């Protein structure tokens, strides 16, 4: 229908060109920005998950057997202080997280994971691995910033992040031997992978709850 | 008393007549039919290389008095082969189910025991009443890094066997196919078909765990499918159907981020709209209908007004806008 067509074009144009001040009667600023950056953050987690698959494959081969065996399913050693933030969460608790808590959990997790990955970067042997790790860390840094951006645009305070990247993991004792160190690396990659899967779901949930400003936008357009 | 006796296919079976002596005079029957003396060794019944047809009720009677001395139910079968086990989450994030079966029948009763271990924790897989050979588990935690290990043991009187599956929470996610797939022709559009469907009802939370869809369609007369992947929405309009040809259409679903594609939905058939066939009419009517049909196929006037609010005809692809070709491409989607 004709009205349908012009409405459709109108919505698209607004989304694409909403930075132009020339468009009248549109409030394409912060609220739409939050919605867009949630989408961007979601896309970034998917990209990172894809990147991680290659990185993990290379790294686990570098660690050698049994770490690079597909069936490798070791028991989780309980360390004095949990070294790496875990994505695992009680189902009802996860459902009930406020937007702020949900975003903060992601922000904290990736900030710390980034620290540990940077430590790893300083230790690995091959140039190829160093290069891949560096690239991944840069993308992961982008994700942390993106989450921070979403939180700011929604008016949430950023959680106090970890201080400058430590020489070693803060608080936790260094692994006493080479094998246990490799186990730590193995679990770091696993937790990172799980967090990226979880974040896709976290951001899906956030996408649905983008502020009603988007609804306001539609009403304005209909009257236009 | 009656006993039940289980024996393997191909085994040699010796049946004793209860507590009767070896040299007692007895008569054996199988399912009521007398057994020939050649199968006897004294009062023992010998069955060599038994097969399935020899299952049945064997009775032993004392020679002269026809007193029933012993009865046994012989069941010939096999020990279980390695069972086939499958686990799947069609209701993520609620949990998953496992179902199993034996690749070949054993012909005797089997019992199944399933155990699920998650890290160090034992979990209980609740057996379903229907269908049999199926159990389900609720997730207590989500986004787990530790794998699930499911072991199925099958036991029968002749032996046992088992199989194990180890998997990550994410790996077994596979929704049920989409439901209520409907395909309809679009009036006055000979090359279109409107397809709509619903999320599978077993998928509990499409809001937080959205599904994406894969549509495939082909005219019945061709073998080659065309595919469309849709990242959201539960409807799609096919715009390149061959006029007048009957189409077969199916849809599949997948969690947006994890797991595998569902099976294809039930197939639906539809044929695009075609113009009503013209009947034999009088000359006057012919001229009327001819002029009417010509005007309805006239291309709508193309507006050269470069406004946001410009109307776009259903056939026209041109939108006069300096922002570029991208706009034109997107505007087609909204037509």
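Numbers for the structure displayed
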| quantity | calculated |
| --- | --- |
| Alpha-carbon Rg with Dmax, taken over the stretch A:42-101, Å | 15.7, 42 |
| Coordinate range along principal axes, alpha carbons of the stretch A:41-145, Å, largest first | 43, 32, 25 |
| Per-peptide average of other Cβ atoms within 10 Å, ordering A:99-105, B:62-68 highest first | A:99-105, B:62-68 |
| Of every Cα-Cα pair in the stretch B:103-236, the percent that sits beyond 23 Å | 57 |
| Average other protein chain Cβ within 10 Å of Cβ, residues B:196-207 | 1 |
| Separation in nanometres of the label points that stand 7 Å from Cα toward Cβ, at residue B:179 and residue B:104 | 4.0 |
| Inter-chain Cβ neighbour average for residues B:251-257, partner chain, 10 Å | 3 |
| Sites residue B:130 and residue A:91 - FRET efficiency at Förster radius 22 Å, r taken between beta-carbons, to 0.05 | 0.25 |
| At q = 0.26, 0.29 Å⁻¹, base-10 log of I(q)/I(0) for the stretch B:68-132 (Debye sum, equal scatterers on each alpha carbon) | -1.28, -1.38 |
| The stretch B:119-182: equivalent-ellipsoid semi-axes (sqrt of 5 x gyration tensor eigenvalues, Cα, Å) | 25, 20, 12 |
| Zero-based 5 Å bins, Cα pair distances in the stretch B:1-66, whole percents | 4, 17, 29, 28, 16, 5, 1 |
| Partner chain coverage, peptide A:90-99 - average Cβ within 10 angstrom | 3 |
| Label-zone membership for the stretch B:5-29, site residue B:41, 7 angstrom Cα→C-beta point, backbone N under 19 Å | B:6-29 |
| Cα-Cα P(r), the stretch B:84-167, percent of pairs per 5 Å interval | 3, 13, 26, 25, 16, 9, 5, 2, 0 |
| Length gained when the stretch residue B:68-residue B:226 is fully extended (0.36 nm per residue, less Cα-Cα span) | 49.6 nm |
| q = 0.10, 0.13, 0.18 Å⁻¹, the stretch B:1-117: log10 I(q)/I(0) [Debye, one scatterer per Cα] | -0.45, -0.61, -0.90 |
| Distance between modelled label sites at residue B:275 and residue B:22, nm, 7 Å Cα→Cβ extension | 10.0 |
| Alpha-carbon centroids, the stretch B:117-141 and the stretch B:22-51: separation in whole Å | 48 |
| Where the Cα pairs of the stretch B:179-270 fall when distances are cut into 10 Å bins, in % | 16, 50, 25, 8, 0 |
| Sites residue A:178 and residue B:267, calculated FRET efficiency, Cβ-Cβ separation with R0 51 Å, nearest 0.05 | 0.30 |
| Label-point separation, residue B:9 to residue A:54 (7 Å along Cα→Cβ), nm | 5.3 |
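Every number here is computed from the coordinates shown, using simple stated rules; none is lab data. Computed from a predicted structure; not experimentally measured. Positions of Cβ are generated from backbone atoms using ideal geometry, with glycine treated the same way; all protein chains shown enter the neighbour counts.
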